[in-house]
1. Filter segment 1-59 down to residues that are in a helix (DSSP H, G or I) and exposed (fewer than 11 other Cβ atoms within 10 Å of the Cβ), then give me how many there are.
2. Just the residues that are in contact with a helix residue (DSSP H, G or I) (Cβ under 6 Å, 6 or more places away or on another chain) and hydroxyl-bearing (Ser, Thr, Tyr), please, taken from segment 1-51.
3. Could you say which residue among Ala57, Ala49 is in contact with a Pro (Cβ under 9 Å, 6 or more places away or on another chain) and either without any contact (Cβ under 8 Å) to a residue 60 or more places away in the chain or of a type in the set (S, T, N, Q) (or both)?
4. In this structure, does Gly23 turn out to be touching a strand residue (DSSP E or B) at 6+ places or on another chain (Cβ under 7 Å) and on the phi > 0 side of the Ramachandran plot?
Amino acid sequence: MQSIEGIVTIVQESRFQLLDGEGVSRMFLLSHKAALEPEQLPPLQHEQARIRVDYTAAHSIIGLLAHSVARLD
């Protein structure tokens, strides 16, 4: 499993975009096994919260599968 840190810039249902420190945006789909619920994503985006995401590649979608999301600030 890989990890990345960044700021949540876009949220739609269980999908979100993360902007990393190098200015690269990545799209994530929240895993159904993640402890975070989809309704907890919009406040992270609104606050431009810095988070760490543990993820794997998703096989049937364009994007990455987020298994855990932890707030850093």
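1. Going through segment 1-59 one residue at a time, the tally reaches 2.
2. Once the filter is applied, which keeps residues that are in contact with a helix residue (DSSP H, G or I) (Cβ under 6 Å, 6 or more places away or on another chain) and hydroxyl-bearing (Ser, Thr, Tyr), segment 1-51 yields only Ser14.
3. Ala49
4. In short, no.
Coordinate-derived values only; no laboratory data. Here the structure is a predicted model, which means the values were calculated and not measured. Note that each Cβ is placed from the backbone with ideal geometry, even for glycine, and that neighbours are counted across all protein chains shown.
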